[in-house]
Amino acid sequence: MSYDAPLLFIDGCWLPVDGRDTSPVINPATEEVLAHLPHASPADLDRALEAARRGYALWRKTSAYDRARLLRRAAELVRERVEHIATLLTLEEGKVLAEARLEVLAAADNIDWCAEEGRRSYGRIIPPRADGSRYLVLREPIGPVAAFSPWNFPATTPTRKIAAALAAGCSCIIKPSEETPATCLAIARAFDDAGLPKGVLNVVFGVPAEISTRLIASDVIRKISFTGSTAVGKQLAGLAATGAKRATMELGGHGPVIVFDDAAVDEAARLTIAGKFRNAGQVCAAPTRFFVHSSIHDRFVDRVSELANELVVGNGLDPATQMGPLANPRRMAAMDRLIGDALDRGARLAAGGGRIGNRGFFWQPTVLTDVPMAAQIMSEEPFGPVILTRRFDDFDTVIAEANGLAYALAAYAFTTSVRTATAVADALECGLVGINTYAINVPETPFGGVKESGYGSEGGTEGLDAYLSTKFVHQA
Ligand code: NAD
């Protein structure tokens, strides 16, 4: 299986290792080294900043119509290359190839959505106070963007940032995860091949804190977009605030799921397997804390445990595989620690619970039931293939428990009552709610959290707004 040698992409040039520092890229299914990733030197970063400054000056003057045409061409190239890009994604991140294909196609859909939406960044005309004058509200690109994306969705997360920035007329320097570089580089290649002027998009790698500190401090950068952990998000938000720079923060989650007594239990269990174990649970909006009505708790647990035990775990390139490995050894250590702590505190193991084999970062789909609220895993984001259940009897108590964390990204409920659906959607404190579904993320809808899950939205019209500033003009 061929893996593209990762490069830096700065000012329209593809730059190899050539004496730069490097870090290895590891295949999580085999633990083999796929490639050595070049790290951008301080001089490379300065070159990227200068390129982004020049790229912005050119790109903001390119018409929204022409920007949209170029973005649509890039989306087509991504679709034409789906097999190649999806294979890179599975090799470096581990998820099963079928999921990787869907992710790459979703990235192309994101580019298309942003291309179209960029043509509709309408301003407005406000009735003036004096005859013959005009009050105009103009929407303008905010300026060069520094974006940072993690390893769990190497295609959609960087693409959502790049496409929205470019559609709005901004230039962008992105630092994708050093652990999954080739997917984003292949998408950047599609923009390059579509004819994007040099400097408008730049892709760099290195020591994350060094890169973010240097880029965010630069006068060139006007907007920050970060997806990753709450801890890092808070640091970057602080750096952005120092320069009074706008920021979008898409941080961690710890999704509660409330399964009411009138839920279609088998259907909820079937959807839960697909919703929880995709990407081995390494999803910020993953369903995690399951509050199940006492009258159906055991039935629900039996069904999800049975289905979890049937999942085929293996190398994502094998067509028989239904769940791939964890993406890195940090996740295995976290699973081991968090599950051990929960069991010590009295949780019951209904499925899985341990590592599979000793090569590759494979972990069993796991179901822990009657997990005490004091267990670390009930408040620390597990970011892995673990379902946690608790029983509940009344609405107010379960809402209080569901809303009880600082994380507030996605929340879910299963019920056949419209009245309950409305009440629970209103009561949940979070940015995203799924009722009888885990599908809460498509390009045309806003995605983002509240509380310590961050601020700002990606996707939807809100996603483009994040890269626009507002100018009022009074023409007397
Ligand atoms: P981490 O916090 O070290 O890194 C998360 C991501 O942020 C990585 O891609 C990393 O390269 C980047 N990063 C780290 N420090 C940075 C800095 N100073 N400047 C810019 N980027 C920086 O953690 P990790 O071990 O990779 O993942 C652990 C936790 O991160 C998970 O448990 C989960 O809570 C969270 N996470 C969230 C998402 C998400 O989609 N919101 C994605 C990946 C990880």
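Read-outs throughout are calculated quantities, based only on the coordinates presented, and are distinct from any laboratory measurement. What you see is a predicted model, and the numbers here were worked out from it, not measured in a lab. Counting neighbours? That spans all protein chains shown, and the Cβs are built from the backbone with ideal geometry, glycine included.
Remarks
- Shape of region 247-367, Cα gyration tensor, a/c cut at 1.5: rounded
- Segments 415-426, 264-275, 443-454 sorted - mean Cβ within 10 Å per residue, highest first: 443-454, 264-275, 415-426
- Shown for C430, C284: other C-beta atoms within 10 Å of each C-beta, ranked fewest to most, produce the order C430, C284.
- Peptide packing: for 381-387, 164-170, the average count of neighbouring Cβ atoms within 10 Å per residue gives the ranking 164-170, 381-387, highest mean first.
- Mean Cα-pair separation over length for the chain, i.e. relative contact order, pairs under 8 Å, 6 or more apart, %: 18 percent
- Spacing of the modelled spin labels on D370 and F395, each 7 Å from Cα toward Cβ, amounts to 2.9 nm.
- Region 394-430 and region 145-172 have Cα centres spaced 31 Å apart.
- Prolate/oblate/rounded label for the chain (Cα gyration tensor, a/c 1.5): oblate
- Taking other Cβ atoms within 10 Å as a rough exposure proxy, I221, I435 sort from fewest to most as I435, I221.
- Least to most buried among Y438, Y3, Y56 (fewest other Cβ within 10 Å first): Y3, Y438, Y56
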